[in-house]
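Structure, as C-alpha cells:
The values are calculated or read from the model by the stated rules, or taken from the named source; none is laboratory data. As the structure is a prediction and not an experimental result, all values here were calculated from the model. No Cβ is skipped: glycine too gets one built from the backbone with ideal geometry, and neighbour counts run over all protein chains shown.
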Amino acid sequence: MAEVTDVQQAARERAYALGLDDINLTELDLWRTDTIWPYFERLRRDDPVHRHPAHHHRDGAFWSVTRFDDIVKIDSNHEVFSSEPSITLDDPLEGFALPMFIAMDPPKHELQRKAVQPIVSGASMASFEPLIRSRIQTTLDRLPIGQPFNWVDSVSIELTAQMLATLFDFPFEDRRKLTYWSDMATAEPDSGAWEPGRYEEQFQEVMTECAAYFTRLWNDRVNAEPKGDLISMLAHGAGTRDMSPEEFLGNLILLIVGGNDTTRNTMSGSVLALDTNPDQRAKLYAAPNLISSMVSETIRWQTPLAYMRRTATRDVEVAGRQIRKGEKLAMWYISGNRDEAVIDRPNQFLIDRPRARHHLSFGFGIHRCLGNRLAELQLTILWEEIIKRFPAIHVNAVEHVPSPFVHGYSKLTVEIPTRF
Ligand code: HEM
C-alpha cells in the first residue's frame with residue numbers, strides 16, 4: 001500500500017512541476033500505472049481547455065476539455081462540434097474507413113440509431129431480465145472459493161460476451177470471438193496487442209474476419225422474418241437495410257464495442273471500488289436498496305470510456321480559447337466526472353450520493369449512450385446475486401488497460417474467502 005502511495009505522490013509532483021505544454025494526456029504509461037488523475041486536476045485548475053501540440057498524438061494536434069460544464073456545452077451542440085469523421089483522436093485508416101452511426105451527424109445518425117433502438121425498449125429489457133439473471137447465477141456459482149482467480153476473465157468478460165451473443169442472436173459457443181474483435185478494434189497500435197510494425201495490416205485482417213462471420217448471419221436474417229436481435233434489426237431497418245458493407249462492419253464494431261468493454265470494466269470496477277472502500281461495502285450489504293445508486297456511482301467513478309472526440313465545424317470560442325474550424329477536441333468525461341466544482345468530494349466512492357446519475361459517463365447530447373439502461377440492469381442484477389452469495393470479494397492485484405480511451409482493467413486477481 002505504501003508503494004502505491006509513493007507512486008501517486010510522485011505522479012502528483014510531476015503533474016504540478018511540468019510546464020503546461022509538456023502535459024500529454026495520451027501518454028500510455030499514465031493510464032497503465034493509473035497515475036493520470038493529478039494531470040486532470042492540474043488542467044481543470046490551470047488550463048481547462050488545453051492545446052496539445054502535434055507531437056503529442058500520432059494523428060496530430062488536439063484540444064483537451066476537462067471541466068464538467070464545458071463538456072456538457074460541447075456535447076449538446078452537435079452542429080458546431082461534429083462527431084465526424086471519428087469519435088477517437090485517431091483519424092480513420094486510409095482506404096479502410098469504418099463508418100458507424102456514433103461517428104455520424106444528423107440526419108443519417110438518427111435514421112441508423114432508430115433502426116436498433118428497439119433493442120433497449122421496455123419490452124425487450126423485460127424479456128432479457130430472467131435470462132441475464134440465470135446466467136449470472138450460473139457464472140457466480142462456478143467461481144472458486146478460497147483461491148485466487150482473474151475476475152476480468154471469469155466474470156466480467158464472460159457475462160458481457162454472453163449478453164452480446166444474446167443481443168446479436170450470435171452462436172453462443174463462439175461468443176469469445178466477440179470479445180476478441182472488440183478488444184482488437186480498440187487496442188492502441190503500441191499497446192502490445194499487435195505484432196511490431198503490422199498494426200494497420202493486422203487490424204484489417206481481424207476486421208475482415210469479423211465482417212465475413214457477420215455477413216453469413218446477415219444473409220440468414222435478411223431472408224427471414226424480422227426478429228428482435230440486432231442483426232435482424234439492421235437487416236430490415238429502413239435506415240440500415242441498404243447500408244454498404246463498410247457501414248455494416250462499422251456499425252457492428254460500434255455495437256460490439258459499445259456493449260462490451262464498457263460494461264465489462266464497470267463490473268470489474270465495482271468489485272475494486274467496494275473492496276477498497278469497506279465502509280461503502282458494509283453500507284451496501286446493510287441496505288441492498290442502494291444497489292442502483294451504487295451502480296451509477298461506479299459508472300461515474302470508473303468512467304469506462306475516458307473521452308469522446310468532436311471536430312469543430314467552424315471557428316468557435318470555448319471557455320476563452322479560440323478553436324479553429326477542423327480542429328479536434330477530446331471531451332474528457334473522466335475528468336468532468338471528477339470536477340470538484342460540480343461533484344461533491346469527486347474522488348470518493350460514495351454509494352448513496354444524491355443524484356447519482358448526474359455524471360458524464362454516458363455522454364450528453366444526441367449520441368447519449370443507447371445501451372445505458374441495459375448496462376445498469378446487468379450491473380444491478382450482478383450485485384443482487386453477489387450479495388446473496390459472497391460476504392466479500394478481495395482484490396489482490398490489478399492491471400490497467402494501457403489506453404487513454406478504454407478506461408479499464410486487463411486483470412483483477414481476486415479471492416472470495418467464503419460463501420454465505
Ligand atoms: C457502463 C456501460 C456503458 C458506458 C459507460 C457507455 C458509454 C457510451 C458513451 C460515452 C457513448 C457516446 C456518447 C457521445 O458521443 O456523446 C455511448 C454511445 C453508444 N453506446 Fe454506450 N456505453 C455503455 C454501455 C452500452 C451498451 C450495453 C450498449 C449496447 C447495447 C451500448 C451501445 C451504445 C451505442 C450504440 C452508442 C452510440 C449512440 C449514438 O451514436 O447515438 N453502450 N456509450
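Overview of results
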read-out	value
Unmet criterion (only one of (1) in contact with a strand residue (DSSP E or B) (Cβ under 9 Å, 6 or more places away or on another chain); (2) outside any strand (DSSP E or B); (3) crowded, with 18+ Cβ neighbours inside 10 Å; (4) charged (D, E, K, R)) for residue 309	(2)
Test: residue in region 205-213 that is part of a helix (DSSP H, G or I) and of a type in the set (Ser, Thr, Tyr)	yes
Filter result (within 21 Å of residue 160 (Cβ to Cβ), surrounded by 14 or more Cβ atoms within 10 Å (Cβ to Cβ) and among the aliphatic types (A, V, I, L, M)) within region 110-134	116, 119, 120, 125, 132
Boolean, residue 120 is at pLDDT below 95 and among the hydrophobic types (A, V, I, L, M, F, W, C)	yes
Criterion violated by residue 144 - all others in (1) touching a helix residue (DSSP H, G or I) at 6+ places or on another chain (Cβ under 7 Å); (2) not in a helix (DSSP H, G or I) satisfied	(1)
Selection from region 122-139 of residues that are of a type outside the set (Asp, Glu), under 15 Å from residue 376 (Cβ atoms) and more than 11 Å from the ligand (Cβ to nearest atom)	122, 126, 132, 133, 136
Scope region 393-420; condition of a type in the set (A, V, I, L, M), closer than 23 Å to residue 192 by Cβ and either at pLDDT below 95 or part of a loop (DSSP other than H, G, I, E, B) (or both); matching residues	401, 406
Output for region 52-71, where each listed residue is touching a residue at least 12 places away in the same chain (Cβ under 8 Å) and surrounded by fewer than 17 Cβ atoms within 10 Å (Cβ to Cβ)	53, 58, 59, 60, 61, 69
Counted residues, region 272-302 - those being within 22 Å of the chain's Cα centre (by Cα) and over 20 Å from residue 373 (Cα atoms)	5
Residues of region 90-102 satisfying the condition of being buried (at least 21 other Cβ atoms within 10 Å of the Cβ) and touching a Ser or Thr at 6+ places or on another chain (Cβ under 7 Å)	102
Among the residues listed as 172, 168, the single one being closer than 16 Å to residue 260 by Cα and without any contact (Cβ under 8 Å) to a residue 40 or more places away in the chain	172
